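Let me begin by presenting the structure, written as structure tokens, before commenting on it.
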Amino acid sequence: MQVAARCRKCGRVMQSQRVDNYRVKLTCSCGFSDYRTVMERVRTVNPFCQKASFTPVVESEKGRMVLTMQKANREHLEIISLEEISMLVSSDYELSQILQQLAVKVAGQLKVSVCSIYLLDGKELVLSATHGFDQSFIGKIRIRVGEGITGTVAKTREHISLNRASQDPRYKNFHQLQEEKYNAMLSFPIADKHDLYGVINLNTTSIKTFSDDEINYVSIIANLILTALKLRRKFSASR
């Protein structure tokens, strides 16, 4: 797969060469080189995706059995979503644009009311993108590491899934966000083996339990956000 990209240094079209299933190396005749996260095949983006199968649903309509493809359709849409997000991560968009579009796509895919991304700034998590909350709060909502559910996830680097978040003793209400009207919450760390980079939160007004498939999906999203952060920090350091 050839990736069309222009050199950030001289503007010439760069040559691409696949490094592994996830990365492509771009080189220019001027000597500049760069890497992009571009999956070889759509399925390789999601290691948790298994072969699609039919889920039978019995409907009492004149004694007929009606088969639906709910599971197959969900997995198909999930793969498409991950492909779009992976391409977004490897694009030339600004980080703020990537995170905002990502929040919108994740909320739509998992059908939740809110998807918010917090990035670590010193010892605080700063709201950096959101779908569902008022975007005027971006950059203004700050949560200390260890504070509330989000801060706890940042401190322990372990996800928390709750169907009634407000009843959890770790819960802290931010009245600006009107969080009291949301019930279920999934909070997942954006981190590697050594460092914390942020937290991604999902909220919904319904009382639900996030499934293993949904949690696995969010774990992949967190890794893609991590890739976007590292790519842009590496590029900034090289300039």
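Quick notes
- Members of segment 109-133 that are open to solvent by 10 Å² or more (accessible area, probe 1.4 Å), part of a strand (DSSP E or B) and under 21 Å from Lys181 (Cα atoms): His131
- Long-range neighbours under 8 Å by Cβ, at least six apart or interchain, first residue closer than 22 Å to Thr204 by Cα within segment 87-113, second small (Gly, Ala, Ser) and exposed (fewer than 14 other Cβ atoms within 10 Å of the Cβ): none
- Unique match (being of a type in the set (Ser, Thr, Tyr) and over 21 Å from the mean Cα position of the chain (by Cα)) among Ser128, Ser161, Ser187, Ser166: Ser166
- Number of the condition not met by Val106 [criteria: (1) part of a strand (DSSP E or B); (2) buried (at least 19 other Cβ atoms within 10 Å of the Cβ); (3) of a type outside the set (D, E, K, R)]: (1)
The values are calculated or read from the model by the stated rules, or taken from the named source; none is laboratory data. Quantities reported herein were computed from a predicted structural model and do not represent experimental measurements. Note that we place each Cβ from the backbone using ideal geometry, even for glycine, and neighbour counts take in every protein chain shown. Heavy atoms of the whole protein, side chains included, go into the accessibility calculation; ligands, DNA and RNA do not. Shrake-Rupley method; radii C 1.70, N 1.55, O 1.52, S 1.80 Å.
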